[in-house]
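Trainee: I'd like to ask some things about the structure below.
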Amino acid sequence: MLEIPLWKRLTILIVCLTGLALALPNVFYTRAERHNDAVTAIERGTVVTDELQADLDQWPGALPSSVVNLGLDLRGGAHLLAEVQLEDVYASRIDGYWPEVRDTLRGLRDQVGGIRRVDDGPADELRVRVSNPEGLQAAVNAVRGLARPTVSLTGVGQNDIEVSGAGDTLTLRLSEAERAATDDRTMAQSLEIIRRRVDEAGTREPTIQRQGTDRILIQVPGIGSAQELKELIGTTAKLTFHPVVRTSSDAQERVSSDEVLMPSLDEPGTFYILERLPVVTGDDLVDSQPAFDQRGQPAVTFRFNPSGARAFGVYTAENVGALFAVALDNEVVTAPRINEPIPSGSGQITGNFTVEEANRQAVLLRAGALPAGMEFLEERTVGPELGQDSIDAGKVASLVAMAAVVVFMVASYGLFGAFATVALAINVALIFGVLSLIGGTLTLPGIAGIVLTIGMAVDANVLVFERIREELKTARGPARAIALGYERALSAIVDANITTFIVATILFTLGSGPVRGFAVTLGIGILTSVFTAIFVTRVLIVLWFERRRPKTIEV
């Protein structure tokens, strides 16, 4: 019948109170002066702006204190669209092949004669002229032997280089598959470096995403100017290679003045005690690429410049069997064991890598500096005043929408409509509570999603109340009519909301930026609306019915 067990009532009450507790800190958002020592487009000086911040000094420390992050369009901040100069990477990769090509052709000197690199060709091609054209084909065959399979996230493709010969000149260039894989790795590396640089600034919820083949969109809420963001991105990451003294699980372990304690990037709770003075630094690292070891397992290769190679070779020869840590921004990326001396300055890190993990490790190792130049095609500083106007407009729209819904529901369904409006208020609080809990970001389209949810939230109640009206016409008692109304409307409510939730999921998965902000609030709103419509309003009606015991009801 109409009874609801005590445990269900308590569960519904706890969920509502928890949602309210999570949502309440958001009322402490206020405007605060922010001093920014950024370089503006006009001069270097102190810029003072108004910024929306959450002042939680008056909020009890024992209660949840997470707040909804405000997006760029609400909080203000900086917007950049950067184009990565991928051609620079092709030229750098080609230069890296020259020592291997030179050493290979020196072994064929009796066939090819003297060799000389030709520098007047395209930057993305390596051209080598031989003094004996009759041996050119032998040279081409030998250099082709240097080819390795292209490694990408989709697997192993064709060879990484294409070698041809004409007249007395050998030409080496990257294959199309390797260019595509290089593009992906370069963009992934650029995204990783930018993300690490931006995260160091303490900003919240930046948008850093790839657009097209060679562009990166960067939006950072709460930063003073686009120039400040450009300077922040340009900072060089700190990459170092240290001997490992020991490992530890104690983050507070005391170390000597010659040692340093660093956390592991991928192993929570694991810390490495390293020698403070690095053997080599990221300035000596020329390249790092995903590859495959002799057993065909994914691995990571690296290569140092001559000075780094000498230091690395001496250390590995003297410390076979010891661990050697790779630290990026004072976090240990990996700590492989030295299996044999590496005098060439080129080595391989092996382990239980998947292809994706090998790509990621290579990206992290290369994250000491941006892999290519970046041209900023678009830069804007978004003022927080626009955000305040948007928030004010969103509040007005939400209040107008809620008032219209309240008037309609009360006019149409009387007391039951009033119960639905109480559930609607709880629904809005639950939306903000869930956003605060998951650390979601509220954007202007997100506010639109909330306003849409307010209008859609009472749909389920309308279905229930109309069903109750139909049951009352069959001369059933009020308790039986209410129970059947909820039971028989449930399938229609679930079906309607599932289809909308699927659309919200597709928008979130395939969309970006504003579209995802809209999808997040819409999806959360659907879940909370179903909860309040099916459970909260039913509890309110049952509590009223148990207290009043009416013989007849009007809906």
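The values are calculated or read from the model by the stated rules, or taken from the named source; none is laboratory data. As the structure is a computational prediction, the values presented were derived from the model and not from experiment. Positions of Cβ are backbone-derived with ideal geometry, glycine not excepted, and every protein chain shown enters the neighbour counts.
A quick yes/no check of all residues on (1) over 16 Å from A423 (Cα atoms); (2) modelled with pLDDT under 80:
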site: K8; (1), (2): yes, no
site: V15; (1), (2): no, no
site: L24; (1), (2): yes, no
site: E33; (1), (2): yes, yes
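Trainee: Could you tell me which residue of the range 81-122 is nearest to S190 (Cα to Cα), considering only residues that are among the small types (G, A, S) and surrounded by fewer than 13 Cβ atoms within 10 Å (Cβ to Cβ)?
Mentor: G107
Trainee: Can you find a residue in the range 533-540 that is assigned by TED's automatic domain parsing to the domain that holds V407 and surrounded by fewer than 17 Cβ atoms within 10 Å (Cβ to Cβ)?
Mentor: Looking for residues that are assigned by TED's automatic domain parsing to the domain that holds V407 and surrounded by fewer than 17 Cβ atoms within 10 Å (Cβ to Cβ), one finds none in the range 533-540, hence no.
Trainee: I need the full set of residues from the range 281-303 which are closer than 23 Å to A91 by Cβ and of a type in the set (G, A, S), in order please.
Mentor: G282, S288, A291
Trainee: Give the residues of the range 407-425 that are crowded, with 19+ Cβ neighbours inside 10 Å, in contact with a Leu (Cβ under 8 Å, 6 or more places away or on another chain) and under 30 Å from N69 (Cβ atoms), sorted by residue number.
Mentor: Passing the criteria: only A423.
Trainee: Kindly indicate which of I454, I431 is modelled with pLDDT under 85 and in a helix (DSSP H, G or I). Outline the logic, then answer.
Mentor: Values: I431 fails: modelled with pLDDT under 85.
Criteria check complete, one pass: I454.
Here's the yes/no breakdown for (1) more than 25 Å from I218 (Cβ to Cβ); (2) modelled with pLDDT of 75 or more:
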site	(1), (2)
D57	yes, no
H79	no, yes
D88	no, yes
S92	no, yes
V101	yes, yes
T104	yes, yes
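Trainee: Also, I was wondering about something else. Give, as residue ranges, the helices (runs of 4 or more DSSP H) completely inside the range 70-163 that count at least 2 residues that are of a type in the set (V, I, T) and over 37 Å from the mean Cα position of the chain (by Cα).
Mentor: Fully inside the range 70-163 and qualifying: 86-106, 136-144.
Trainee: Now for a separate question. Going by the conditions given, is I454 within 30 Å of the chain's Cα centre (by Cα) and touching a residue at least 24 places away in the same chain (Cβ under 8 Å)? Full working, then the answer.
Mentor: Values: within 30 Å of the chain's Cα centre (by Cα): yes; touching a residue at least 24 places away in the same chain (Cβ under 8 Å): yes.
So I454 passes the test.
Trainee: Just the residues that are polar (S, T, N, Q) and at pLDDT 85 or above, please, taken from the range 253-279.
Mentor: S264, T270
Trainee: Out of contact with any helix residue (DSSP H, G or I) (no Cβ under 9 Å at 6 or more places or on another chain), of a type in the set (D, E) and over 30 Å from P206 (Cβ atoms) - does that describe any residue in the range 81-90?
Mentor: no
Trainee: Another one. Considering the range 513-550 alone, what residues qualify as being basic (K, R) and assigned to a helix (DSSP H, G or I)? Write out each step before concluding.
Mentor: Residues of the range 513-550 that are basic (K, R), as a first pass: 516, 538, 547-549.
Correct list: R516, R538, R547, R548.
Trainee: Right, another one. With respect to G517, is the statement that it is crowded, with 17+ Cβ neighbours inside 10 Å, in the same structural domain as G19 (by TED's automatic domain parsing) and under 22 Å from the mean Cα position of the chain (by Cα) true?
Mentor: yes
Trainee: In the range 93-131, how many residues are within 17 Å of L146 (Cα to Cα) and either of a type outside the set (A, V, I, L, M) or touching a helix residue (DSSP H, G or I) at 6+ places or on another chain (Cβ under 9 Å) (or both)?
Mentor: 19
Trainee: In addition: Tell me, yes or no, whether the range 461-469 has at least one residue that is touching a helix residue (DSSP H, G or I) at 6+ places or on another chain (Cβ under 7 Å), surrounded by 16 or more Cβ atoms within 10 Å (Cβ to Cβ) and free of Cβ contacts under 8 Å to residues at least 40 places away in the same chain.
Mentor: Looking through the range 461-469, at least one residue is touching a helix residue (DSSP H, G or I) at 6+ places or on another chain (Cβ under 7 Å), surrounded by 16 or more Cβ atoms within 10 Å (Cβ to Cβ) and free of Cβ contacts under 8 Å to residues at least 40 places away in the same chain.
Trainee: Output the residue which, of all residues in the range 439-450 that are more than 18 Å from V530 (Cβ to Cβ) and among the β-branched types (V, I, T), is surrounded by the most Cβ atoms within 10 Å (Cβ to Cβ).
Mentor: Filtering the range 439-450 for residues that are more than 18 Å from V530 (Cβ to Cβ) and among the β-branched types (V, I, T), the one surrounded by the most Cβ atoms within 10 Å (Cβ to Cβ) comes out as T443.
Trainee: For the range 281-302: of the residues being assigned to a loop (DSSP other than H, G, I, E, B) and among the polar types (S, T, N, Q), which is nearest to T354 (Cα to Cα)?
Mentor: Filtering first and then ranking leaves Q297.
Trainee: Check the range 89-109 and report whether any residue there is in contact with a Leu (Cβ under 7 Å, 6 or more places away or on another chain) and within 30 Å of T381 (Cα to Cα).
Mentor: no
Trainee: If you scan the range 303-327, which residues turn out to be in a strand (DSSP E or B) and out of contact with any helix residue (DSSP H, G or I) (no Cβ under 6 Å at 6 or more places or on another chain)?
Mentor: Once the filter is applied, which keeps residues that are in a strand (DSSP E or B) and out of contact with any helix residue (DSSP H, G or I) (no Cβ under 6 Å at 6 or more places or on another chain), the range 303-327 yields R303, L323, F324, A325, V326, A327.
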